[in-house]
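The values are calculated or read from the model by the stated rules, or taken from the named source; none is laboratory data. Please read these numbers as outputs of a predicted model, since none were measured by experiment. Neighbour counts run over all protein chains shown; Cβ positions are idealised from the backbone, glycine included. These area figures cover heavy atoms from the full protein model, side chains too; ligands, DNA and RNA do not enter into them. Shrake-Rupley method; radii C 1.70, N 1.55, O 1.52, S 1.80 Å.
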Amino acid sequence: SALGNTAANKYIGTSNGNLLLSSNWSKGHIPHLNEDIKINNTTPNLLTLSNNSNQIISCRSLKLSGNTTLNNNGTITINKSYGLGLFIETDATFNNYQALNILMPCGKALEIKGIMNSTGITNIQKN
């Protein structure tokens, strides 16, 4: 499995596209460092999410799938992943405009089957 042993906190987007709103997550809270995140768009319409300037998202792993685009204008930190740190499936796009930190991965830091654009800082620190 690309994710750890616990159930992932899935983006469900019931309120709006805000990643830092608790009601938009399956576990009812914003993901934290010990959680895996899954963002999967199951509709045919493009899902575009933005992590805005000065916003910080911390997690153990991040998986993007479906017709999904994540625009990172803040900071995303993936810490001590047990499988893949960042996994971008073929139909997903990750745009890093600010800061992506993948710290001490226990497996592969990232796997890109889709698209990753980075004009910001991408920091991978090995274990």
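Quick check: is even one residue across the range 74-95 at negative phi, of a type in the set (D, E, K, R) and out of contact with any Leu (no Cβ under 8 Å at 6 or more places or on another chain)?
Yes.
Which members of the range 14-54 meet the condition of being open to solvent by 20 Å² or more (accessible area, probe 1.4 Å) and β-branched (Val, Ile, Thr)?
Thr14, Ile30, Thr42, Thr43, Thr48 - these are the residues of the range 14-54 that are open to solvent by 20 Å² or more (accessible area, probe 1.4 Å) and β-branched (Val, Ile, Thr).
Before we move on, is Ile88 free of Cβ contacts under 8 Å to residues at least 24 places away in the same chain and either in contact with a Phe, Trp or Tyr (Cβ under 7 Å, 6 or more places away or on another chain) or not small (Gly, Ala, Ser) (or both)?
The answer is no for Ile88.
Output the residues belonging to the range 93-109 that are within 20 Å of Asn71 (Cβ to Cβ) and either open to solvent by less than 50 Å² (accessible area, probe 1.4 Å) or among the β-branched types (Val, Ile, Thr) (or both).
Narrowing the range 93-109 to residues within 20 Å of Asn71 (Cβ to Cβ): 93-102.
If the condition is that a residue be within 20 Å of Asn71 (Cβ to Cβ) and either open to solvent by less than 50 Å² (accessible area, probe 1.4 Å) or among the β-branched types (Val, Ile, Thr) (or both), then Thr93, Phe94, Asn95, Asn96, Ala99, Leu100, Asn101, Ile102 are the ones that fit.
So, in the range 17-62, exactly how many residues are touching a residue at least 40 places away in the same chain (Cβ under 8 Å), closer than 25 Å to Thr90 by Cβ and in a loop (DSSP other than H, G, I, E, B)?
Residues that pass the stated criteria total 1.
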